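Every number here is computed from the coordinates shown, using simple stated rules; none is lab data. Model, not experiment: these values are computed from the prediction. Using ideal geometry, Cβ is built from the backbone for each residue, glycine included, and neighbour counts are taken over all protein chains shown.
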Amino acid sequence: MATVTLNQAEKTYANGYKAIHGINLEIQHGEFTVLVGPSGCGKSTLLRMIAGLESISDGEISIDDKVVNKVAPADRDIAMVFQNYALYPHMSNYNNMAYGLRNHGHSKSEIDSKVREAARILQLEDHLERKPSQLSGGQRQRVAMGRAIVRQPKVFLFDEPLSNLDAKLRVDMRLEIKNLQQRLGITSVYVTHDQVEAMTLADRLIVMNGGVAEQIGSPIDIYEKPETLFVAGFIGSPAMNFLPGKVSDDRTHVVVGDKVKLDLDHDVEAGRNVTVGIRPEHFRLCGDDAGPVSASVRMVESLGAETLVYLDFGIGNENVTLRVQGTHQFAKGTVLKLSITPDMIHLFDTETGKRI
Amino acid sequence: MKRVQFEHSAVPYLFVAPQILIISIFFLWPAAQAVYQSFLLEDAFGMSSQFVWFRNFEDVLSSSSWTRSAIFTVVFSVLVSVLSIAISLFLAVRADEVVRGAKSYKTLLMWGYAIAPPVAGLLGNMLFNPLMGDLYMAFNSFGFEFNHIENANDAAFVVILIAVWKQVSVNFIFFLSGLQGIPKSVQEAATLDCKSPERRFWTITFPLLAPTTFFLLVINLTYAFFETFGIIDVSTKGSPGGSTATLVYKVYVDGFLGADLGGSSAQSVLLMIMVSVLTVFQFRFIERKVHY
Amino acid sequence: MYQSKWRIFTNHAILILGALFMIMPVWIAFASSTHTREFVFQNGLQFWPGEHFFENYGAILFDASATKGRVTALEMLFNSMVLGLGFAIGKVIISMMAAYAIVYFRFKLAVPLFWVVFSTLLLPLEVRIVPSYEVVASLGLLNTYTGLILPLIASATGTFFFRQFYRSVPDELLEAARLDGAGPIRFFIDILVPLSVTMIAAIFIIMFVVGWNQYLWPLLMTTDDQLYTIVIGIKQVYNSLYEGGQIPQFPKAFALTIMATIPPVLVVVVFQRMFVKGLVETEK
């Protein structure tokens, strides 16, 4: 159990490239923190700085109030699960898990009981004497997890641990990781680019972009109140629709395109140009002529449980995505009537991308 | 082999013909000749010869000079291989770790591949020249009574030093590429698990380099057997008294300078057998090479 | 990757020492080659270059008497170049063709021929020099470039390099080419050769260096000065250092040594990436 504190942590590479721009973060005891963002956003670099695999150019990283900037990785009392597992190919799975304990001077019997306990939890008992190459991808993933667990570290670090698994296994392992982390109560930092993993695993989510933490908060907060255009577009699938709009003179509407008028309950000055964000799942299909918005169907994708409809809003070639429950058949060109409640409308400053 | 192949009557023969022709004339024929001559005894003038079965072999194997050369060759080869492998592994591990100047170090350590063995021999010859050699003088000023002209051990030291120097680059190249083949994340996982770089080396890096090391051991033994000819011929010439003559050098001395064709051929055949064993060993190993 | 300050410091110290270990002998030879013979004779080997660089190297390059023979270093360099290039070109062409036949064709003698080629790996030239010399002599090829180069090409190392490489070429390529109507020779010329360009270049570089550095075979083969390669030339010069009761001409001998070293070193350094790739990939 431990806290992790980042105080203006920065990373600048020898070639001058600044990968991390001053990040502040306080991770609580036992909290599951997820760093999410597109590739190249610096999330892995930040994780590796916590691990000690990358040096910290400026600022401080502390574990349990002790600054670890100069502490060797092996002395930080952390364990890490790597994307490609990074198992030692020449050692048996047992030794893979035992290696770190041996180097930290644990007794033989202690090591044995810890490894066997971890193997029991992860259902690896039958595979301990084999080498990693003799296991399936999912089993290797478990050995990598086991190697982290046996250390009983202060902090677990995960670097996209599920991205090499196939879709079904990924879901299983995701549940298992969450379950395990809650049972062990170990502070965890988890890096992923997959927003489903991010949403489901995180106690607290950090959306990163270009070396900056765009938003930090609970997954639901971030989904409901994205602070920037980037976060709004990144979290949620299918992505939020963005439409250029202008606030009407009486400040009760925002006008999108020429004809679409949406009710507002925001406090915005009249005539301001804004970007309107609406999630595909927040449109409501109305009866034939009840809705205030009408748009024609361009294409329909049926997923069974839900249907994605791509609509022409009369604002150029951009599709607007609509997500409705169940199956629907709409011919191309059908005009649909839609409504949307004002509190489901997100407004962003077109210039700064900040939430209004 | 390929799943799909061409079936054609003439084309493949046309393509292998040049190689087979060259091999037949310049390899098979001389090799057969060597085997044949090893059973012959020529008279002093090379006018007549008679078939003597294994007498040349008996003579060779019972001669003290051949035995001595064989012992020297084995000791020499093992020392050269082990030393040059150890030095280059040490350097490669460090070169793999550095970030700043990594490319320059690599170049500075690998260019030696291009040095011809006799050139290496000459450089050694120069440094150990009793008239002006820096190393010769340094050793003697430190109080060693170093004299490679007369002392067999000193002469062996000189040849070994030169041979190691010449081979470090090749081994370095292979080790560095072997090290770079170890996934970075595995090394990172090890830094999380183990603080001491030395311990990490012996428990993770070295075992993972085992295939490279084994391969290099074979390569180095082969090198010490054959390619050191040029080094010996321009540094010690096998002196004093044949104590630094490897088996290959002895074949040359006896066959060319001593004109003992039968004996030299018998030596060649013995060498062929030794090399064949080494090569078959190498190939068996490569086939079974552990794929992690 | 995490490293302690001490580790970083020792890494650099060790690598610098290693680099000096490699460079020092050559540097001393170079520095000593730029002094007069009297100076070197009296003061021993030199660490700093002197003022006779152009004089000594000029004499070696253009004046046959400086090399104790009838040929200048320039001519020796030419011979070395012929040997290096001839060996590399010959080896690349012959091994590419042979490997192509072995990998891409199903034919009756494929297996026995493969073993014939393989057997050359067992017996390096060094163990059969005497009979090889006799064969070349009986063919009247002593003191010819042909006699110098061809026997060296007999070894099958190149064939194995290309065999490995061809086997790594995806089968689908041959299938696609056949659907497009390419016969065996078309496929070789239009697809396989262009595909092998980097491999060819890498092997060519390695073979050039190997050829340039040949010693034993040229030593036996070339009794005529006109065919001396520079590597052989140095030995001649060193052998005659103490002849005639004169002050030994060490500087010029060193100059010759340096000149023998520069071309292959340059090739290896300039084409370093390709060379390393070739060396490491082919020896697997």
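Using a Förster distance of 22 angstrom, determine the FRET efficiency expected from the C-beta separation of residue A:112 and residue A:75, and round it to 0.05.
On the way: r = 24 Å, r/R0 = 1.10.
With a Förster radius of 22 Å, E is 0.35.
Evaluate peptide B:179-190: per residue, the Cβ atoms of other protein chains within 10 Å of its Cβ; return the mean as an integer. Write out the running numbers ahead of the final one.
Values: counts 0, 1, 1, 1, 6, 5, 9, 8, 3, 11, 16, 7.
Taking all residues of B:179-190 together, the mean is 6.
Can you give me the C-alpha center-to-center distance between the range C:189-250 and the range A:172-186, rounded to a whole angstrom?
Here the answer is 67 Å between Cα centres.
Only counting other Cβ atoms within 10 Å, I'd like A:343, A:267 sorted with the fewest neighbours first. Please list the in-between numbers first.
Numbers: A:343 11, A:267 7.
Ascending Cβ contact count within 10 Å gives the list A:267, A:343.
Any idea how far apart residue A:126 and residue C:173 come out in nm if each label point goes 7 Å out from Cα toward Cβ?
4.3
Say the dipole of chain A comes from +1 at the beta carbon of Lys and Arg and -1 at that of Asp and Glu; which of A:235, A:135, A:61 then lies farthest toward its positive end?
A:135
For chain C, which span is the longest to avoid every loop-located (per DSSP) member of chymotrypsin sites (Phe, Trp or Tyr not before Pro) having at most 16 other Cβ atoms inside 10 Å? Display every interim value, and only then the final one.
Values: sites that count: C:47, C:242.
Looking at chain C, C:48-241 is the longest stretch - no exposed chymotrypsin sites (Phe, Trp or Tyr not before Pro) with at most 16 other Cβ atoms within 10 Å.
Just for the range A:4-234, what percent of DSSP beta bridges are antiparallel, to the closest 5? Mind showing how you got there, number by number?
Values: 18 of 36 bridges.
Bridges in the range A:4-234 that DSSP calls antiparallel: roughly 50 percent.
Tell me the label-point distance for the pair residue B:210, residue C:180, using the 7 Å Cα-to-Cβ offset, in nm and rounded to one decimal.
Once both label points are built, they end up 4.5 nm from each other.
On a straight-distance basis, which lysines could pair with residue A:108 in a cross-link, Cα separation under 20 angstrom, same-chain partners fewer than 8 positions away excluded?
Result set, ordered by chain and number: B:195.
Please determine, in degrees from 0 to 90 and to the nearest 10, the orientation of helix C:5-32 with respect to the longest principal axis defined by the Cα atoms of chain C, where the helix direction is its Cα long axis.
The answer is roughly 70 degrees.
Using a cut-off of 21 Å between alpha-carbon atoms, which lysines can reach residue A:261, once sequence neighbours fewer than 8 places away in the same chain are excluded?
A:246, A:337
List the trypsin sites (Lys or Arg not before Pro) within the range C:1-70 that fall in a DSSP loop (any state other than H, G, I, E or B) and whose Cβ has at most 16 other Cβ atoms within 10 Å. Each step should come with its number before you reach the end.
Working: sites: C:5, C:7, C:37, C:68, C:70; in loops: C:68, C:70.
For trypsin sites (Lys or Arg not before Pro) across the range C:1-70 that sit outside H, G, I, E and B with at most 16 neighbouring Cβ atoms in 10 Å, the list reads C:70.
Among bridges DSSP assigns within the protein assembly as shown, what percent are antiparallel (round to 5)? Intermediate values should be presented prior to the final figure.
On the way: 59 of 78 bridges.
That works out to approximately 75 percent antiparallel.
Tell me, what HN-Hα J-couplings in whole Hz come from the Karplus equation 6.51 cos²θ - 1.76 cosθ + 1.60 at θ = phi - 60° for each residue of the range B:179-188, using x for Gly and Pro?
Residue by residue, the range B:179-188 yields 5, 6, x, 6, x, 4, 5, 5, 5, 5 Hz.
If I fit a long axis through the Cα atoms of helix A:93-103 and take the longest principal axis of the Cα atoms of chain A, what angle between them do I get, 0 to 90°, rounded to 10?
Relative to chain A, helix A:93-103 is tipped by roughly 70 degrees.
Measuring from centroid to centroid over Cα atoms, what is the spacing of the range C:101-156 and the range A:276-320 in Å?
With the range C:101-156 and the range A:276-320 each reduced to a Cα centre, they are spaced 77 Å.
Once R0 is set to 45 Å, what does the formula 1/(1 + (r/R0)^6) return for the Cβ-Cβ distance between residue A:18 and residue A:200, expressed as a FRET efficiency to the nearest 0.05? Display every interim value, and only then the final one.
Numbers: r = 32 Å, r/R0 = 0.70.
So, using R0 = 45 Å, E works out to roughly 0.90.
Expressed in nm to one decimal, what extension gain is obtained for the pair residue A:305 and residue A:284 from 0.36 nm per residue of sequence separation less their Cα-Cα distance? It would help to have the intermediate numbers written out before the result.
Numbers: separation 21, 0.36 × 21 = 7.56 nm, distance 1.64 nm.
Difference between extended and current length: 5.9 nm.
For the range B:211-224, what does the Karplus curve 6.51 cos²θ - 1.76 cosθ + 1.60, with θ = phi - 60°, yield as ³J(HN,Hα) per residue in whole Hz, taken in order and with x for Gly and Pro?
After applying 6.51 cos²θ - 1.76 cosθ + 1.60, I find x, 4, 4, 5, 4, 5, 4, 5, 4, 6, 4, 4, 4, 5 Hz.
Which whole-angstrom value gives the distance between the alpha carbon centres of the range C:44-67 and the range B:181-217?
When both Cα centres are located, 48 Å separates them.
Which value, in debye to the nearest 20, describes the size of the charge dipole of chain C about its Cα centre when Lys and Arg Cβ atoms bear +1, Asp and Glu Cβ atoms bear -1, and nothing else is charged?
Computed charge dipole of chain C: roughly 720 debye.
What is the Cα radius of gyration of chain C over 2.2 N^0.38 Å, N being its residue count?
Details: Rg = 23.6 Å, N = 284, 2.2 N^0.38 = 18.8 Å.
Against the empirical 2.2 N^0.38 Å value, I get 1.25 for chain C.
Averaged across A:120-128, how many Cβ atoms of other chains sit within 10 Å of each residue's Cβ atom?
Details: counts 0, 0, 0, 0, 0, 0, 0, 0, 0.
Partner-chain Cβ atoms within 10 Å, mean over residues of A:120-128: 0.
Given the rule -39500 (n - 2.57) for each run of at least 4 DSSP H residues, summed and divided by the residues of chain C, what is its mean residue ellipticity at 222 nm, to the nearest 500 deg cm²/dmol? Could you put the intermediate results ahead of the total?
Numbers: 14 runs with 194 residues, N = 284.
It lands at -22000 deg cm²/dmol.
Any of A:154/A:225; A:43/A:154; A:70/A:178 with alpha carbons more than 22 Å apart? Name them for me. Display every interim value, and only then the final one.
On the way: A:154/A:225 32 Å; A:43/A:154 20 Å; A:70/A:178 31 Å.
The answer is A:154/A:225; A:70/A:178.
May I ask for the longest run of chain B untouched by GluC sites (Glu not before Pro) that are loop-located per DSSP and have at most 10 neighbouring C-beta atoms (other than their own) within 10 Å? All intermediate terms of the calculation are to be shown ahead of the outcome.
Working: sites that count: B:7, B:145, B:150.
Longest gap between qualifying sites, sites excluded: B:151-292.
For the protein assembly as shown, build the charge dipole from Cβ charges (+1 Lys, Arg; -1 Asp, Glu) around the Cα centre, then report which of C:136, A:264, C:261 sits farthest towards its positive end.
My answer, from the dipole projection, is C:136.
Among the trypsin sites (Lys or Arg not before Pro) in the range C:100-160, which ones are in a DSSP loop with at most 11 other Cβ atoms within 10 Å of the Cβ? Mind listing them?
On the way: sites: C:106, C:108, C:128; in loops: C:106, C:108.
Those satisfying the criteria are C:108.
Can you give me the long-range amide H partners of residue A:69? Hydrogens built in the peptide plane at 1.01 Å from N, cutoff under 5 Å, separation of 5 or more residues or another chain.
Here A:61 satisfy the definition.
Run through the range A:67-175 and list the trypsin sites (Lys or Arg not before Pro) located in a DSSP loop whose Cβ has at most 13 other Cβ atoms within 10 Å. Don't skip to the answer; put the middle values down first.
On the way: sites: A:70, A:76, A:102, A:108, A:114, A:116, A:120, A:130, A:140, A:142, A:147, A:151, A:154, A:168, A:170, A:174; in loops: A:70, A:76, A:130, A:151, A:154.
Filter output for the range A:67-175: A:70.
Which lysines, if any, have their Cα less than 18 Å from the Cα of residue C:277, not counting same-chain residues under 8 positions apart?
Of all the lysines, those that pass the test against residue C:277 - Cα under 18 Å, at least 8 places apart if same chain - are B:103, B:106.
State the answer as a single residue: which of A:330, A:309, A:285 lies farthest towards the positive end of the charge dipole of the range A:241-349, with beta carbon charges of +1 for Lys and Arg and -1 for Asp and Glu, about the Cα centre.
Highest projection toward the positive end goes to A:330.
Counting other C-beta atoms within 10 Å, which of C:225, C:190, A:126 has the fewest, and how do the rest follow?
Details: C:225 18, C:190 13, A:126 9.
Lowest count first: A:126, C:190, C:225.
Determine, from the Cβ-Cβ distance of residue B:63 and residue A:218 and an R0 of 56 Å, the FRET efficiency 1/(1 + (r/R0)^6), rounded to the nearest 0.05. Show your work: numbers first, answer last.
On the way: r = 89 Å, r/R0 = 1.58.
Given R0 = 56 Å and the Cβ-Cβ separation, E is 0.05.
Return the average number of partner chain Cβ atoms within 10 angstrom of each residue Cβ along peptide C:91-101. Intermediate results must be reported in sequence, preceding the final value.
Details: counts 1, 0, 2, 9, 2, 2, 7, 9, 3, 5, 11.
Per-residue shielding by partner chains comes out at 5.
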